[in-house]
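Below: one structure, written as C-alpha cells.
The values are calculated or read from the model by the stated rules, or taken from the named source; none is laboratory data. Since we're looking at a predicted model, the values are computed, not measured. Here the Cβ is made from the backbone with ideal geometry for all residues, glycine too, and neighbour counts use every protein chain on show. Please note that ligands, DNA and RNA were not included when accessible areas were found on the heavy atoms of the full protein model with its side chains. Shrake-Rupley method; radii C 1.70, N 1.55, O 1.52, S 1.80 Å.
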There are 2 protein chains.
Amino acid sequence: MYAERLARTRAAMADAGVDVLLASVGPDLPYLIGYEAMPLPRLTMLVLHRDGPATLVIPRLEVARVVERDDLFAIHGWDETDDPIGLVADLCGRPGTVAVGDQTWARHVVDLLDRMPATRWRRADGITGPLRARKDAFEIDQLRAAGAAADRVAAQLQAGEVRFVGRTEAEVSEEIARRLLAEGHAHVNFSIVAAGANAASPHHHASDRVIAAGEVVLCDFGGVFATPDGTPGYCSDMTRMFWVGGEPPTEFVELYDVLHRAQSAAVAAAVVGTPCQDVDRAARSIIDAAGFGAAFIHRTGHGIGLFEHEDPYIVAGNDAPLVAGNAFSIEPGIYLEGRWGARLEDIVVATPQGPEPMNRADHRLTVLDA
Amino acid sequence: MYAERLARTRAAMADAGVDVLLASVGPDLPYLIGYEAMPLPRLTMLVLHRDGPATLVIPRLEVARVVERDDLFAIHGWDETDDPIGLVADLCGRPGTVAVGDQTWARHVVDLLDRMPATRWRRADGITGPLRARKDAFEIDQLRAAGAAADRVAAQLQAGEVRFVGRTEAEVSEEIARRLLAEGHAHVNFSIVAAGANAASPHHHASDRVIAAGEVVLCDFGGVFATPDGTPGYCSDMTRMFWVGGEPPTEFVELYDVLHRAQSAAVAAAVVGTPCQDVDRAARSIIDAAGFGAAFIHRTGHGIGLFEHEDPYIVAGNDAPLVAGNAFSIEPGIYLEGRWGARLEDIVVATPQGPEPMNRADHRLTVLDA
C-alpha cells in the first residue's frame, strides 16, 4: 500500500516539476509511510526525492516508534546536539523546487529558507491533496467504521440517554466525548454543544452555560477512529439537532425543514463528475429560496480522511469535479445571530454507484423531554 | 496583561530589527491576545506591526469566539470566498523583515513567500520565546495548579488505586487520562505507560501489551490545566516509576538510585543565573559517573507554559543563563534497550529564592503488589 502511494506521489511530483517533497507533522507522513510525527519542536521530516531515495529524519529517541520498511525509506536518527535542519538540507542536495507539507511548522520552513536560498518553495498539498482525496477501499472501510461509531453516539443522544436540561454545554460535551471513545474512537477532535443563541455561532465549542428547557441544542462531534493495528486512523464528523423540553416553535420547525431539505439535496447532488461548487449550490439554492441565504455563512463541506479538514472543499469557486473515492462533509447551516441556529451534517463518499453516506442516524430534529 | 505583553513584544521586535510579526496556531497568539487559533486550514493570523496597529485576520464564522479588545487589536473577519493570504499581505504592507510564529502552517508561509518576495523571513520564537519563557506571577500560579493536579494523579497511582498487572498499557493510560481530567485538566496531551522493555523507548506511548507481575512501569503524563475564565491554560508534565508485583531486582534499584540522585542534583542546580547546559550537566555527570552515560539519550528538559515544549531547553550547547520565571522540566532517563528503562520528571520554576518544583509527589520508586 505505502509502496503504491509513494510511487503515485513521485509520479505527481514529476507532473508538477517538484524535485523533493518534505513531509512532517500532519497527514502526509502517515499517508506515505504509516508514521505520524509527534507535534513537537524536534524535527521529524521525510525527505522524498522524485528520482532518488526517501529518508526519514527523526529524533533518535523516537526511532523505536517507526515501523521500519527498508524497501521504502531509510531512517536517519538525530541526536540532541545534532543539527536536523542541516541534515535535511544535505539530504535535499540542490533541488530547484521543493514542496513542503501543509502543516509543517514555520520554524522549520524558515530555517530551511536560510539554508537553501536558491530553492523554489511550493505547497505539498498540490501533490498529495488530490492523491489523499481519492480514498481506496481500505480507507473507505475505515471511514465507514468511524461514521458508524459516531452514528451510535448520535442514536444514544436521540434516544434520550444523555440528559441535556440543567447541565452545562461543557458537561454534555464531555459525555459525548466519553461515548465516542467508548464506541471505538482513539481520540476526540471536538465535541461542540451549542444551546440557544450559542447555536448561531458555527464554531462555538461548549461553555459553562446551563441548558434550559425550551431550547435548541446543536451537537457536532467527531474524532479519530482507532485502527486494529495502531496505524493512524480515519476521522468522523457529524452534526445532529435537538429541541429539549416542550414542542419546538413553528418558526424553528420551518427553518429546520429548509435545512433538512438543503442537506438531502446536497448529498443527492454529490455524484462523481459533479463540480464541488455545484454540490454547494444544491444546498445553498434551497436555503436562498427560503430567504435564509444570508444566514448560511460557511461553505457546504470539507474533505475528510486522516485529517478532519482536507481536499476536496465543497465551496463556491471550486470547479473541480468529484472523483470516485472523494470523502467529504455535507453540512449546511442556518444561523440567526442572538436567537438560534441549526446545522445538519453527514460524511459522504462519492462512489461509482452514487453518493454513499457514512452517517445514517435519523436526520430529523429530535424533540426530547426536559 | 495583554497590553503589556504586546508592548514588550514590540520592543523586542525593535531590538531584533523585525517590522511585522505574524502569529497563527501555536502558543504565541494566546500569549499575545488570549485567543487560540483553531488548528484548521482556514487562516487565523495576527498581523502585529512594530510601529503600527495589530489586526487579527480570522474566518468570519470564528469571530464570535474572540474576546474583543478594541484598544489592543482590530478584527478582520474573512468570508469563505475571500483570499485571506492576500489580506495578510496587504496588512503587512512592504516590510523588510517579517517574523512568523513557530507552529504556523507551512501552507500559509509558502503562500506568503509568493506574495512578498522581497521580504526577509525570521522565526518569531527569537522574539516571543524569551518573553514567553519568563513567566509572571499569574502564569506561575497556573503552572503550580497544573502541577498539583498532576501530583494528585501521581499520588493515586502510588497509593495503588490504579491496577497495573493484567491490564494493557493502553487501559492504564486511559485511566490516567480520565484522572487528569477529573483533577481539573481541560485536556490531556499525553499519557505514556511503558512496561518492561517498552520503558527503554523514551517516546513509547501505550500499547496493547499486558502488564505482567515483576515488571517496571513508567508513567509520564500531562495536559492543559483548565483556567477559571476559559482562557488558554498552562501545561503539566511529570514522570514517576513503578515496580509491580514482587520486589525489584537489585540491579534496577541501583539504576533507579542513580537516576534519582541525578534528577535531584539537576533540580538543585536550576538556580537563576546558571547556564541551561550546566543544569543538564548536573544530571548527566552523575549518570556518566555511574556508567550509564550512553543510556541517557536525550536532553535533561524543556521549557513549558502554554505549550508543552518551549524555551528554555535544558541541553548541552545552550549557554543561556536561567532567568527568574523560567519554567522547565527536569527529566533525566536511563534506557537499556530490550531490557528496561526509567525516567523521573518534575516541572521546576527558577525563582529569586531558588528552584521551586511544581511537582512534589514522592520521588522514590513505588513498589506495588500485583
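Values computed for the structure shown
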| quantity | calculated |
| --- | --- |
| Segment A:2-131 - share of DSSP beta bridges that are antiparallel (%, nearest 5) | 40 percent |
| Neighbouring partner chain Cβ atoms per residue of B:108-118, average, 10 Å criterion | 4 |
| Per residue value of the accessible surface for chain B (all protein chains in place, 1.4 Å probe), Å² | 37 Å² |
| Number of partner chain Cβ atoms within 10 Å, mean per residue of A:59-65 | 5 |
| Part-to-part distance (alpha-carbon centres) for segment B:172-247 and segment A:224-242, which is given in Å | 23 Å |
| Peptide A:222-231 - average C-beta neighbours from other chains (10 Å radius) | 1 |
| Helix A:169-182 vs. chain A, principal-axis angle (Cα, 0 to 90°, nearest 10) | 60 degrees |
| Relative contact order [Cα under 8 Å, 6+ residues apart], chain A, whole percent | 15 percent |
| Cut-off 9 Å between beta-carbons: net charge of the residues surrounding B:Asp102, Lys and Arg +1, Asp and Glu -1 | -1 |
| Accessible surface of segment B:2-131 [probe 1.4 Å, protein heavy atoms]: carbon and sulfur percent | 47 percent |
| Tilt relative to chain B, helix B:2-16 - C-alpha long axis, 0 to 90 degrees, to 10 | 80 degrees |
| Computed label-point distance, nm, for sites B:Asp229 and A:Ala74 using a 7 Å Cα→Cβ extension | 5.4 nm |
| Cβ-defined net charge surrounding B:Ile85, 12 Å radius [Lys, Arg +1; Asp, Glu -1] | -1 |
| Shape category assigned to segment B:134-368 from the gyration tensor of Cα positions, a/c cut at 1.5 | oblate |
| Part-to-part distance (alpha-carbon centres) for segment B:1-58 and segment A:251-295, which is given in Å | 38 Å |
| Rounded FRET efficiency, nearest 0.05, which uses the C-beta distance separating B:Arg163 from B:Glu251 and R0 of 35 Å | 0.85 |
| The protein assembly as shown, helix-only ellipticity at 222 nm - DSSP H runs n ≥ 4, -39,500 (n - 2.57), divided by all residues, nearest 500 | -10000 deg cm²/dmol |
| Proximal charge balance of B:Pro357 [Cβ under 11 Å; K/R count +1, D/E count -1] | -2 |
| Accessible-area composition of segment B:134-368, carbon plus sulfur, in percent [1.4 Å probe] | 53 percent |
